[in-house]
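J.: Just dropping this structure here.
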Amino acid sequence: MSATLVANVVISGVLTGLLYGLMALGLSVIFGVVRVVNFAHGEMMTIAMYAAVLLFGAFRLDPILAALPVAALFFAIGYALQAGLINPFITRPEHSQFILLVAVATILTNVMLMVFGPDARSVQTDYQLDSWAIGQIIVDKARVYAALCALATTAGLFAFFRFSRTGTAIRACADNHLGARIVGLDVKHLYALTFGLGAACVAIAGCMMTLLVEVAPSLGPSYTLLGFVIVIVGGLGSMPGALLGGVLIGVSEALAGLFIDPSAKSMISFALLIVVLLFRPQGLLGRTT
Amino acid sequence: MTQPKRISRRQFNAAVAGLGAASALAPFGIARAAGKLKVGVLLPRSSYEALIGQSCQLGADLAPAVLKSMLGVDIELMNADTESNVNTARTRAERLIQEGAHVLVGAFDSGQTAAIAQVAEQRGVPLVVNIAAAPQITEQGYKFVFRNFPTAGELVKNGLSLIGDLFQATHVAPRKAVYMHVNDTFGQAMTRGINALLPRLTQLPFKIVDTIGYDPAAKDLSVEVSKAKAANADFLLLVSRLNDSIVLRREMVKQRWHPMGLISPGSPGLYEEQFSKSTGKYAEYCIVNPPWYNPKAELTGVVEAAFQKRNPKEKFVYHGLNVGYTFEAIMIAADAFKRAGSTDPKALADAIRATDIQKRVMLGGPIKFNPKGQVDGNQSACVEILRGRPRVVLPEYAAEAKPVFPWPEYKGA
């Protein structure tokens, strides 16, 4: 097996993993602050993919540019969803939250089926099938753009949480819910804001994903599952952990496909999940509670 | 003012005698004579096989009018959705028979068809299979099950033979193939067939240098395509489904892999409308050898005209396979009904067994059932995407264009 082949596969795995990481980032942010596991995460991303496809169809808007309006829309939807539907469940048992979000996921999938039908849809940009050749190494342009977008979004989100007053307040909520309320922070508003940010992240990931994957209503559950695997490996609630988990899963799947069998790709990511759960249950970059 | 018409004593007696005779003769099937043939059509019109089930349904829908003008028989369709589920297929078949279906047609999927075949055999109602390739459907010794579709073994054999014909027609002899297949029941069955048949087909000049199976739900095939490209094969032999064939073709472009061509021995995907829509110009010159309709047959023209009249927005070429075989299944039932002059299931089954239909939509010899209830000699076509749509390039008698192989962009190994 040539070194070029291995290099090609690893690069592809890293780029795909960064995008996976962005997708999981939203899930991680929401759990890290609101302590609600969003079981409708994959379905939300699928809707974002449809939004990008529709914008491309109507205005020939590139999915990279479409990510901005779609993220803004998803921020508003996420905010409303948290404020209107999920907030009353915050203090309820976890199984109630689980059922609520599974119900949301099921409704979203069926609405997509009714509206868009079962057929797959896609965008076709000029650069989508282009690649750069660096010697014998081929680098997929769309994957590079998507990965750069993932890095930029993560950096932006990190800066927001680190340097803005609202971000600091959200982190305070995450660290000590009761303390945040005592000092007068509007926790419900901050939770809704966080859910909105998580939804915006998944919207950007969805728009980028349309450059690589055709969208169909059935995609949602598999992305939700993938998101869970990534955040558990990286550490639930940790932003760098989500990116690291994404890259690890992307690369390990790629190498498993190369050295073992392509059909064994998912098996390897789940094996990695089990190993992490056994030896570092809080995830690679997660904190013990 | 007119007086209400009274029934005379003689008329009343005659009516009573007629009713009595009908009741007495009913068990012998004589009272079922003529009238209308009720055809229970079982197809997966919802869930994951909905796309193809609905495509087959278009063939069923046009059949009554076309067959009325062809054979002069009246057909009533009783449609049932199997919901792409084996158990639902079984219960729907039971219900159709209870509701008076004289013959069943269906059901695209081998698993569902096998379940319906059991019901048909138990209840003694003929089943004419439109599409289903699992060999065991006609290997159970059933007396009421008939199939006008190639078995999986025939599909592979026909598909591989056509690859040999293609190389002869284009005067090219590739030596190495890399084989990629979707890793589901269908893909594995095709792989077993290819592995068993390829060594025996000595006219084929190539050897498989690597075999790569992949997940049917794969959204990313970059690793698989990297491996296939690294095999340095002359061409890609592919058994795929629709979505994976799109992902795979795009990945080939991204990775700048330009082999002599991409040839499928007869799987879905490449000839479907979505493939051409999604891959655009990169769909051109992809080749697939599925069972296909004869574009030059007289009956195809009739069916295509009826199809376009009913579905002006659809393109027949993307439905021809499903429409053609479903139409032929109903035509077999209608033809048997005409000859039997009865809707009695046994009489219908006997008449189906004696079928000899020469004029067909699909490629192949006349429709004649062997003792197992299987039509032998259904053929495949070598279909190439040319100028934006699938076109038959082989066999020559049905060809709409000349085959192009290798791809024009191929620059040699």
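J.: In region A:130-187, how many are of a type in the set (G, A, S) and touching a Lys or Arg at 6+ places or on another chain (Cβ under 6 Å)? Working first, answer last.
T.: Here is the first cut: in region A:130-187, the ones of a type in the set (G, A, S) are A:131, A:133, A:135, A:142, A:146-147, A:150, A:152, A:155-156, A:159, A:164, A:167, A:169, A:172, A:174, A:179-180, A:184.
If we keep only those that are touching a Lys or Arg at 6+ places or on another chain (Cβ under 6 Å) as well, we get A:131.
Number of matching residues: 1.
J.: Looking at A:I138, A:I134, which is the one that is surrounded by fewer than 14 Cβ atoms within 10 Å (Cβ to Cβ), among the hydrophobic types (A, V, I, L, M, F, W, C) and within 14 Å of chain B (Cβ to nearest Cβ)?
T.: Numbers: A:I138 fails: surrounded by fewer than 14 Cβ atoms within 10 Å (Cβ to Cβ).
Going through A:I138, A:I134 in turn, the sole match is A:I134.
J.: Are any of the residues in region A:193-212 within 14 Å of chain B (Cβ to nearest Cβ), under 28 Å from A:Y50 (Cα atoms) and free of Cβ contacts under 8 Å to residues at least 24 places away in the same chain? So that I can check it myself, show each step before the final result.
T.: Step one: filter region A:193-212 for residues within 14 Å of chain B (Cβ to nearest Cβ), giving A:205-206, A:208-212.
Subsequent filtering for residues that are under 28 Å from A:Y50 (Cα atoms) retains A:205-206, A:208-212.
Restricting the remaining residues to those that are free of Cβ contacts under 8 Å to residues at least 24 places away in the same chain gives none.
Scanning region A:193-212, I find no residue that is within 14 Å of chain B (Cβ to nearest Cβ), under 28 Å from A:Y50 (Cα atoms) and free of Cβ contacts under 8 Å to residues at least 24 places away in the same chain, so the answer is no.
J.: So, one more: Spot the failing condition for B:I194; the list is (1) closer than 30 Å to B:P408 by Cβ; (2) without any contact (Cβ under 8 Å) to a residue 40 or more places away in the chain, and only one is missed.
T.: Condition (2) is where B:I194 drops out.
J.: Please go through region B:188-224 and give me each residue that is in contact with a Gly (Cβ under 8 Å, 6 or more places away or on another chain), small (G, A, S) and within 10 Å of another protein chain (Cβ to nearest Cβ), ordered by number.
T.: Matches in region B:188-224: B:G213 only.
J.: Now for a separate question. Just one of (1) over 27 Å from A:V276 (Cα atoms); (2) surrounded by 24 or more Cβ atoms within 10 Å (Cβ to Cβ); (3) within 14 Å of chain B (Cβ to nearest Cβ) trips up A:P217, so point out which.
T.: Among (1) over 27 Å from A:V276 (Cα atoms); (2) surrounded by 24 or more Cβ atoms within 10 Å (Cβ to Cβ); (3) within 14 Å of chain B (Cβ to nearest Cβ), the lone unmet condition for A:P217 is (2).
J.: Looking only at region B:38-86, which residues are under 16 Å from the mean Cα position of the chain (by Cα), free of Cβ contacts under 8 Å to residues at least 60 places away in the same chain and crowded, with 23+ Cβ neighbours inside 10 Å?
T.: Selection gives B:G53 alone.
J.: Does A:L236 fit the bill of being of a type outside the set (D, E, K, R), buried (at least 19 other Cβ atoms within 10 Å of the Cβ) and either touching a strand residue (DSSP E or B) at 6+ places or on another chain (Cβ under 6 Å) or within 11 Å of chain B (Cβ to nearest Cβ) (or both)? Working first, answer last.
T.: On the way: of a type outside the set (D, E, K, R): yes; buried (at least 19 other Cβ atoms within 10 Å of the Cβ): yes; either touching a strand residue (DSSP E or B) at 6+ places or on another chain (Cβ under 6 Å) or within 11 Å of chain B (Cβ to nearest Cβ) (or both): no.
Here the answer is no, as A:L236 does not meet what is asked.
J.: Return the residues of region B:237-262 that are of a type in the set (A, V, I, L, M, F, W, C) and modelled with pLDDT under 90; say none if nothing qualifies.
T.: Answer for region B:237-262, where residues must be of a type in the set (A, V, I, L, M, F, W, C) and modelled with pLDDT under 90: just B:L242.
J.: Taking region B:266-296 on its own, how many of its residues are farther than 21 Å from A:A216 by Cβ and either within 12 Å of another protein chain (Cβ to nearest Cβ) or at pLDDT 95 or above (or both)?
T.: Going through region B:266-296, the residues farther than 21 Å from A:A216 by Cβ turn out to be B:266, B:281, B:284-296.
With the extra rule that they be either within 12 Å of another protein chain (Cβ to nearest Cβ) or at pLDDT 95 or above (or both), the set shrinks to B:281, B:284-296.
Final tally of qualifying residues: 14.
J.: Right, next: Can you tell me which of (1) under 21 Å from B:F108 (Cα atoms); (2) touching a Lys or Arg at 6+ places or on another chain (Cβ under 7 Å) is the one B:A189 doesn't meet?
T.: B:A189 satisfies all of (1) under 21 Å from B:F108 (Cα atoms); (2) touching a Lys or Arg at 6+ places or on another chain (Cβ under 7 Å) except (2).
J.: Residues of region A:165-181 being among the aliphatic types (A, V, I, L, M), farther than 14 Å from A:G237 by Cβ and surrounded by 12 or more Cβ atoms within 10 Å (Cβ to Cβ), which ones? Steps first, please.
T.: Taking region A:165-181 and keeping what is among the aliphatic types (A, V, I, L, M), we get A:169-170, A:172, A:174, A:178, A:180.
Then keep just the ones that are farther than 14 Å from A:G237 by Cβ; that gives A:169, A:172, A:178, A:180.
Selection gives A:A169, A:A172, A:A180.
J.: Another question about this same structure. Output yes when any residue across region A:238-251 is in a loop (DSSP other than H, G, I, E, B) and in contact with a Gly (Cβ under 6 Å, 6 or more places away or on another chain), and no when none is.
T.: Step one: of region A:238-251, the residues in a loop (DSSP other than H, G, I, E, B) are A:238.
Next cut, in contact with a Gly (Cβ under 6 Å, 6 or more places away or on another chain) only: A:238.
Scanning region A:238-251 turns up at least one residue that is in a loop (DSSP other than H, G, I, E, B) and in contact with a Gly (Cβ under 6 Å, 6 or more places away or on another chain).
J.: Could I ask something else about it? Looking at (1) away from chain B (no Cβ under 11 Å); (2) part of a helix (DSSP H, G or I), which is the only condition A:Y223 fails?
T.: In the conditions (1) away from chain B (no Cβ under 11 Å); (2) part of a helix (DSSP H, G or I), A:Y223 misses (1) alone.
J.: So, one more: With respect to B:K411, is the statement that it is basic (K, R), outside the structural domain of B:M70 (by TED's automatic domain parsing) and either closer than 16 Å to B:W292 by Cα or in contact with a strand residue (DSSP E or B) (Cβ under 8 Å, 6 or more places away or on another chain) (or both) true? It would help to see each step written out before you state the result.
T.: Numbers: basic (K, R): yes; outside the structural domain of B:M70 (by TED's automatic domain parsing): yes; either closer than 16 Å to B:W292 by Cα or in contact with a strand residue (DSSP E or B) (Cβ under 8 Å, 6 or more places away or on another chain) (or both): no.
So B:K411 fails the test.
J.: Let me ask another. Applying the selection to region B:208-221, what residues are in a strand (DSSP E or B) and within 22 Å of A:A216 (Cα to Cα)? Before you say what the answer is, go through the steps one by one.
T.: Keep residues of region B:208-221 that are in a strand (DSSP E or B), which gives B:208-214.
Within region B:208-221, just B:Y214 meets the criteria.
J.: When you look at B:I163, is it among the hydrophobic types (A, V, I, L, M, F, W, C) and either assigned to a helix (DSSP H, G or I) or over 30 Å from B:C382 (Cβ atoms) (or both), yes or no?
T.: Numbers: among the hydrophobic types (A, V, I, L, M, F, W, C): yes; either assigned to a helix (DSSP H, G or I) or over 30 Å from B:C382 (Cβ atoms) (or both): yes.
Considered against the rule, which asks whether it is among the hydrophobic types (A, V, I, L, M, F, W, C) and either assigned to a helix (DSSP H, G or I) or over 30 Å from B:C382 (Cβ atoms) (or both), B:I163 comes out as yes.
J.: Additional query: Is there a residue in region B:200-208 that is farther than 30 Å from A:T210 by Cβ and without any contact (Cβ under 8 Å) to a residue 24 or more places away in the chain?
T.: Yes, some residue in region B:200-208 is farther than 30 Å from A:T210 by Cβ and without any contact (Cβ under 8 Å) to a residue 24 or more places away in the chain.
J.: In contact (Cβ under 8 Å) with a residue 12 or more places away in the chain, aliphatic (A, V, I, L, M) and out of contact with any helix residue (DSSP H, G or I) (no Cβ under 7 Å at 6 or more places or on another chain), is that true of B:L348?
T.: Values: in contact (Cβ under 8 Å) with a residue 12 or more places away in the chain: yes; aliphatic (A, V, I, L, M): yes; out of contact with any helix residue (DSSP H, G or I) (no Cβ under 7 Å at 6 or more places or on another chain): no.
No.
J.: Now for a separate question. Go through region A:239-261 and give me each residue that's surrounded by fewer than 22 Cβ atoms within 10 Å (Cβ to Cβ) and either without any contact (Cβ under 8 Å) to a residue 12 or more places away in the chain or of a type outside the set (A, V, I, L, M) (or both).
T.: Passing the criteria: A:P240, A:S252, A:F259, A:I260, A:D261.
J.: Looking at B:D215, B:D220, which one is free of Cβ contacts under 8 Å to residues at least 40 places away in the same chain and more than 29 Å from the chain's Cα centre (by Cα)? Step through it out loud before you land on a result.
T.: Numbers: B:D215 fails: more than 29 Å from the chain's Cα centre (by Cα).
Criteria check complete, one pass: B:D220.
J.: Still on this structure, I have one more. Of everything in region B:225-254, what is closer than 22 Å to B:R175 by Cα and within 8 Å of chain A (Cβ to nearest Cβ)? Give them in sequence order.
T.: B:S226, B:K227, B:A230
The values are calculated or read from the model by the stated rules, or taken from the named source; none is laboratory data. Keep in mind that this is a model prediction, so the values were computed, not measured. Every residue, glycine as well, gets a Cβ built from its backbone with ideal geometry; the counts of neighbours run over all protein chains shown.
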